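Note sheet for the following structure.
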Amino acid sequence: MNTILAVAAVLQAQPPAAGRTGAVMMIYLVAFIGIMWFLILGPQRKMQKKHQEMISAVQKGDEVMTEGGLIGTVVHLTDDRLTVKTGDNTRVIVARAKIARVFGAATE
C-alpha cells in the first residue's frame, strides 16, 4: 500500500510535459505512414508499373485476355483501345487498360 502511495506522490509532483506528448504522437504518425507505405502502397505501385509496361508492349497478333475473361488475338491497335478477334467473325473493341494478361504471339 505504501508503494502505491509513493508512486502516486511522484506522479503528482511531476506533471507531464505537453510538448513531449505531441512529439511522441508525431513519431507514431510517421511510423504508421512508413509502415503503410512499405506494406501496401509500395507493392501496389510496382504492380501498376508492371501492368503499364505490359499493356504498352502489346503488339498486333498477340493473344490477350481481358479482365472480363475474353481471350482473343489483337488485330488492330490505337493509343487507348485494342480490337480483339475472339472468333471467326467476332471482333471486340477493348480499352487497353482492361487487358489482364498477354500470352504472346497467337498460334493459328
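The values are calculated or read from the model by the stated rules, or taken from the named source; none is laboratory data. As the structure is a prediction and not an experimental result, all values here were calculated from the model. With ideal geometry, Cβ positions are generated from the backbone for all residues, glycine too; neighbour counts draw on all protein chains shown.
Summed over the range 64-76, residues that are surrounded by 11 or more Cβ atoms within 10 Å (Cβ to Cβ) and either within 24 Å of the chain's Cα centre (by Cα) or among the aliphatic types (A, V, I, L, M) (or both) total 8. The residues in the range 38-54 that are under 17 Å from K98 (Cα atoms) and hydrophobic (A, V, I, L, M, F, W, C) can be counted, and the count is 2.
Of all residues assigned to the range 83-93, at least one qualifies as being in contact (Cβ under 8 Å) with a residue 12 or more places away in the chain and among the charged types (D, E, K, R). If the condition is being under 9 Å from the mean Cα position of the chain (by Cα) and not small (G, A, S), then the range 32-55 contributes I40, L41, P43, Q44, R45, K46, M47, Q48.
Results for (1) touching a helix residue (DSSP H, G or I) at 6+ places or on another chain (Cβ under 6 Å); (2) at pLDDT below 95; (3) exposed (fewer than 10 other Cβ atoms within 10 Å of the Cβ), shown as yes or no for each residue.
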{"site": "P43", "(1), (2), (3)": "no, yes, no"}
{"site": "Q48", "(1), (2), (3)": "no, yes, no"}
{"site": "Q52", "(1), (2), (3)": "no, yes, no"}
{"site": "I55", "(1), (2), (3)": "yes, yes, no"}
{"site": "Q59", "(1), (2), (3)": "no, yes, no"}
{"site": "D62", "(1), (2), (3)": "no, yes, no"}
{"site": "T78", "(1), (2), (3)": "no, yes, yes"}
{"site": "G87", "(1), (2), (3)": "no, yes, yes"}
